[in-house]
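Below: one structure in structure tokens.
The values are calculated or read from the model by the stated rules, or taken from the named source; none is laboratory data. Note that this is a predicted model, so its numbers are computed, not measured. Backbone-built Cβ (ideal geometry, glycine too); neighbour counts: all protein chains shown.
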Amino acid sequence: MTLELWIVYALAAIGLSLTPGPNGLLSLTHGVRFGFARTVFTILGGVLGFMVLIAASLAGMGALLAASETAFTIAKWIGAAYLVYLGIRLWRSPAATVEAGEDGPAVRRDGPARLFAQGFLVAVSNPKALIFFAAFLPQFMVPGASFWLQLGVLGGTFAVTELCYELVLAGMAQRIAPWLTRHGRWFNRVTGGTFVGIGGLMATASRG
């Protein structure tokens, strides 16, 4: 993968992370309820879940794309079209709301293992994430390259991006939650417009 193509991928990964999806909202909610330190376990579980989805997508598409330039071209346009579609959906989405929940015995029982499991299960059970990775990753794959190398570059880039974003959410949860409730519609429009723009960039990207 060329540096230019990796930059496009990194921008798209940042855009996906900034989308107010299930794991981001879970980290924000847990940050409000449990505090930053305990929410780290939620975040790590979610990151591992995303790595599992990325590995599954790479394993399923790698052989096909390595054998067919046509398949690569089709996958590239599907991925770009999906990003544009996702951007339009985000633009039109209502503001997200975050509930602080109740503090009490049930909260205290949520230990590190339980929080980790919640983050992991929310990530791997999100069909939109699996569809996104299946449509998004193929145009960045290099035919013949090691599966583990590509998982390290593609999966690692997204994992680090998602980790940093969710850590910021958890650390600033008390301040972000009210703001997101009031201004979430504009936030959705900014991230949606970003996805449309990234989709256009992806449509012109070469495998290189």
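Name the residues in the range 8-35 that are under 16 Å from Gln118 (Cα atoms), in contact with a helix residue (DSSP H, G or I) (Cβ under 7 Å, 6 or more places away or on another chain) and surrounded by fewer than 17 Cβ atoms within 10 Å (Cβ to Cβ), would you?
Pro22 - this is the single residue of the range 8-35 that is under 16 Å from Gln118 (Cα atoms), in contact with a helix residue (DSSP H, G or I) (Cβ under 7 Å, 6 or more places away or on another chain) and surrounded by fewer than 17 Cβ atoms within 10 Å (Cβ to Cβ).
Also: Is it the case that Val107 is modelled with pLDDT of 75 or more and either in contact with a Lys or Arg (Cβ under 7 Å, 6 or more places away or on another chain) or part of a helix (DSSP H, G or I) (or both)?
It is false that Val107 is modelled with pLDDT of 75 or more and either in contact with a Lys or Arg (Cβ under 7 Å, 6 or more places away or on another chain) or part of a helix (DSSP H, G or I) (or both).
Mind listing whichever residues of the range 44-59 are crowded, with 23+ Cβ neighbours inside 10 Å and touching a Gly at 6+ places or on another chain (Cβ under 6 Å)?
Gly45, Gly46, Ile54
Give me the pairs, please: first residue somewhere in the range 64-89 and assigned to a helix (DSSP H, G or I) and surrounded by 14 or more Cβ atoms within 10 Å (Cβ to Cβ), second residue anywhere and among the hydroxyl-bearing types (Ser, Thr, Tyr) and at pLDDT below 75, beta-carbon distance under 8 Å, and either six or more positions apart or on two chains.
Note: pairs meeting the criteria are Leu86/Thr19; Gly87/Thr191; Gly87/Thr194.
OK, next. Just for helices (runs of 4 or more DSSP H) wholly inside the range 111-195: which have at least 2 residues that are over 29 Å from Val84 (Cβ atoms) and either modelled with pLDDT of 90 or more or out of contact with any Asp or Glu (no Cβ under 6 Å at 6 or more places or on another chain) (or both)?
Of the helices (runs of 4 or more DSSP H) lying wholly inside the range 111-195, those with at least 2 residues that are over 29 Å from Val84 (Cβ atoms) and either modelled with pLDDT of 90 or more or out of contact with any Asp or Glu (no Cβ under 6 Å at 6 or more places or on another chain) (or both) span 112-124, 147-150, 156-171.
Ala56: farther than 24 Å from Arg185 by Cα, part of a helix (DSSP H, G or I) and modelled with pLDDT of 85 or more, yes or no?
no
Can you say whether Ala80 is modelled with pLDDT under 80 and in contact with a Pro (Cβ under 6 Å, 6 or more places away or on another chain), as far as the supplied structure shows?
For Ala80, the condition - modelled with pLDDT under 80 and in contact with a Pro (Cβ under 6 Å, 6 or more places away or on another chain) - is not met.
Just give me the residues in the range 1-53 being in contact (Cβ under 8 Å) with a residue 40 or more places away in the chain, of a type in the set (Gly, Ala, Ser) and either in contact with a strand residue (DSSP E or B) (Cβ under 9 Å, 6 or more places away or on another chain) or not in a helix (DSSP H, G or I) (or both), in sequence order.
The one that is in contact (Cβ under 8 Å) with a residue 40 or more places away in the chain, of a type in the set (Gly, Ala, Ser) and either in contact with a strand residue (DSSP E or B) (Cβ under 9 Å, 6 or more places away or on another chain) or not in a helix (DSSP H, G or I) (or both): Gly21.
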